[in-house]
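The values are calculated or read from the model by the stated rules, or taken from the named source; none is laboratory data. Since we're looking at a predicted model, the values are computed, not measured. For neighbour counting, all protein chains shown are included, and Cβ atoms are generated from backbone atoms with ideal geometry for every residue, glycine included. Areas reflect the complete protein model, heavy atoms only, side chains present, ligands, DNA and RNA absent. Shrake-Rupley method; radii C 1.70, N 1.55, O 1.52, S 1.80 Å.
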Amino acid sequence: QVQLVESGGGLVQPGESLRLSCVTSRPLFAFDRVGWYRQAPGKQRELVAKFTLGGSTNYADAVRGRFTLSRDSAKNTIYLEMNGLKSEDTAVYFCYVHWVPNDYWGQGTQVTVSS
């Protein structure tokens, strides 16, 4: 089993920044994929950004250039730095890891961008 604990969501104005954190109960090297997804009201859950075991980082087109995915292996933590936030970024953000053969999800943290 894997536990994921997210933090860092909140209410911000357009153009502002937030950093989300996700602490995992296992070392990051145990996972072949780690990252963040989001789900806006009435929409399907979608990929925001992820690292893969092969070393690549994938970003959704909507966030590329504004969001940065990073990790601190010593702290078993994944971060999502979000800059230049827009109203369309409003969603519940979920931390995600794939520990073969299963997917694991955090409980979600709300990000609201509104003036």
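Things to note:
- Looking across segment 37-57, the residues that are within 15 Å of the chain's Cα centre (by Cα), modelled with pLDDT under 95 and surrounded by fewer than 17 Cβ atoms within 10 Å (Cβ to Cβ) come down to T52, T57.
- All positions within segment 72-101 that are at pLDDT below 95 and of a type in the set (S, T, N, Q): S73
- Looking across segment 37-67 at every residue that is hydroxyl-bearing (S, T, Y) and in contact (Cβ under 8 Å) with a residue 12 or more places away in the chain, the one that is nearest to H98 (Cα to Cα) is identified as T52.
- Residue within segment 91-107 that is of a type in the set (G, A, S) and surrounded by 14 or more Cβ atoms within 10 Å (Cβ to Cβ) present: yes
- Residue within segment 54-66 that is over 20 Å from G8 (Cα atoms) and touching a helix residue (DSSP H, G or I) at 6+ places or on another chain (Cβ under 7 Å) present: no
- Selected residue (criterion: farthest from G54 (Cα to Cα)) from residues of segment 68-91 that are of a type outside the set (D, E, K, R) and in contact (Cβ under 8 Å) with a residue 60 or more places away in the chain: S87
- So L69, is it open to solvent by 40 Å² or more (accessible area, probe 1.4 Å), at pLDDT 95 or above, in contact with a Lys or Arg (Cβ under 9 Å, 6 or more places away or on another chain) and not in a loop (DSSP other than H, G, I, E, B): no
- Residue within segment 83-104 that is among the acidic types (D, E), assigned to a strand (DSSP E or B) and closer than 18 Å to Q3 by Cα present: yes
- Subset tally (residues that are in contact (Cβ under 8 Å) with a residue 60 or more places away in the chain, in a strand (DSSP E or B), surrounded by 15 or more Cβ atoms within 10 Å (Cβ to Cβ) and of a type outside the set (G, A, S)) for segment 6-36: 9
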